Amino acid sequence: AGANGDRVWGQIVKPATASGQLPLALLIHGGPQGSFGNSWSYRWNPWLFAAPGYAAVTVDFHGSTGYGQAFTDAINRDWGGGPLEDLRLGLAAAGREDAGIDVDNACALGGSYGGFMVNWIAGNWSDRFKCLVSHSGVFDQRAMAYETEELWFTEWEFGGPYFDPAAAQVMERHNPVLFVDRWRTPMLVIHGERDYRIPYSQSLGVFNALQRRGIPSRLVVFPDENHWILK
């Protein structure tokens with residue numbers, strides 16, 4: 001049971017030779033209208049994350065595809081609300097389901113919307129994870145609204161352009177930059193310099209915030225990559 005009592009699905013992926021309690025990687029998909037399905041990819045693949053000896057946990061939070069249009073549309077104007085509750089409840093459910101994963105030794109990782117959620121978690125669930133990985137994630141909704149090449153994306157997700165007061169109010173309710181004072185978790189920040197969907201300046205902001213707060217952090221920029229790291 002996730003946000004609003006709705007049924008939410010997820011996966012636990014472990015190496016075939018797993019024994020004892022495994023450290024946990026909570027993988028957060030992008031889109032946000034996407035899904036972690038039973039499929040193979042070289043990008044954000046739970047099986048590859050699990051291979052070194054982790055339990056990879058995924059949660060198809062509100063906004064995910066494959067569960068009906070209403071469930072997909074539920075994330076609209078609610079980026080940091082229901083989906084965060086789904087992740088909280090999903091992580092707890094995974095711990096109850098499988099005693100072989102250590103939910104107290106966990107890292108949260110995500111790209112694109114998942115990167116936004118990691119930045120959001122840093123300020124709104126800051127006592128839960130040992131580390132965070134933010135890849136190509138939104139840090140400042142105002143800058144994102146004016147910088148992205150995909151203007152329709154932010155305007156659809158939040159109800160209009162930033163100069164529309166109603167849309168701006170929604171964006172600010174779900175703006176990670178406003179919660180930097182709560183950040184304390186070590187973070188790896190990754191971005192492609194040719195990313196025009198979520199410009200890499202968003203991750204520069206994340207890294208500078210971490211550094212200025214004295215939080216252990218590292219920035220990795222791929223100068224010839226876009227919103228996907230392809231090589």
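The values are calculated or read from the model by the stated rules, or taken from the named source; none is laboratory data. Note that the coordinates shown come from a computational prediction; the quantities given were computed from them, not determined experimentally. Please note: Cβ atoms are built from the backbone with ideal geometry, for glycine as well, and neighbour counts cover all protein chains shown. Side chains included, ligands, DNA and RNA excluded: accessible areas come from the protein's heavy atoms. Shrake-Rupley method; radii C 1.70, N 1.55, O 1.52, S 1.80 Å.
So which residues in segment 158-171 are outside any loop (DSSP other than H, G, I, E, B) and either in contact with a helix residue (DSSP H, G or I) (Cβ under 7 Å, 6 or more places away or on another chain) or closer than 15 Å to GLY115 by Cβ (or both)? Matches in segment 158-171: PHE158, ALA167, VAL170, MET171.
Scanning segment 144-181 for residues that are of a type outside the set (Phe, Trp, Tyr) and touching a residue at least 60 places away in the same chain (Cβ under 8 Å), we see that the one that is nearest to PRO199 (Cα to Cα) is PRO176.
Output the residue which, of all residues in segment 173-202 that are among the basic types (Lys, Arg) and surrounded by fewer than 16 Cβ atoms within 10 Å (Cβ to Cβ), is nearest to VAL138 (Cα to Cα).
Checked segment 173-202; the qualifying residue nearest to VAL138 (Cα to Cα) is ARG173.
Counting the residues of segment 26-64 that are under 15 Å from the mean Cα position of the chain (by Cα) and of a type outside the set (Asp, Glu) gives 23. In the set (1) open to solvent by 10 Å² or more (accessible area, probe 1.4 Å); (2) within 16 Å of the chain's Cα centre (by Cα); (3) at pLDDT 95 or above, ALA168 fails one condition alone, (2).
Just a yes or no: is a residue in segment 86-99 open to solvent by less than 10 Å² (accessible area, probe 1.4 Å), under 23 Å from THR154 (Cα atoms) and in contact with a helix residue (DSSP H, G or I) (Cβ under 7 Å, 6 or more places away or on another chain)? The answer is yes, given that some residue of segment 86-99 is open to solvent by less than 10 Å² (accessible area, probe 1.4 Å), under 23 Å from THR154 (Cα atoms) and in contact with a helix residue (DSSP H, G or I) (Cβ under 7 Å, 6 or more places away or on another chain).
Name the single residue, out of those in segment 133-157 being part of a loop (DSSP other than H, G, I, E, B) and out of contact with any strand residue (DSSP E or B) (no Cβ under 8 Å at 6 or more places or on another chain), that is most open to solvent (accessible area, probe 1.4 Å).
Checked segment 133-157; the qualifying residue most open to solvent (accessible area, probe 1.4 Å) is GLU149.
Kindly provide the set of residues from segment 52-74 that are more than 15 Å from GLY110 (Cα to Cα), of a type in the set (A, V, I, L, M) and open to solvent by less than 70 Å² (accessible area, probe 1.4 Å), ordered by number. Within segment 52-74, ALA55, ALA74 qualify.
In segment 203-228, of all residues being open to solvent by less than 40 Å² (accessible area, probe 1.4 Å) and in a loop (DSSP other than H, G, I, E, B), the one that is nearest to GLY31 (Cα to Cα) corresponds to HIS227. Looking across VAL13, VAL8, one residue alone is open to solvent by less than 50 Å² (accessible area, probe 1.4 Å), among the hydrophobic types (A, V, I, L, M, F, W, C) and touching an Asp or Glu at 6+ places or on another chain (Cβ under 9 Å). It is VAL8.
Determine the pairs where a residue that is at pLDDT below 95, located within segment 216-231, has a partner that is not in a loop (DSSP other than H, G, I, E, B) with Cβ atoms under 7 Å apart, the partner being 6 or more residues away or on another chain. Qualifying pairs under 7 Å: ILE229/GLY192; ILE229/PHE222.
Which is modelled with pLDDT under 95 and among the basic types (Lys, Arg), of ARG128, ARG142?
Working: ARG142 fails: modelled with pLDDT under 95.
Matching residue, one of ARG128, ARG142: ARG128.
Which ones in segment 95-109 are farther than 18 Å from ASP127 by Cα and either of a type in the set (Gly, Ala, Ser) or outside any strand (DSSP E or B) (or both)? Answer for segment 95-109, where residues must be farther than 18 Å from ASP127 by Cα and either of a type in the set (Gly, Ala, Ser) or outside any strand (DSSP E or B) (or both): ARG96, GLU97, ASP98, ALA99, GLY100.
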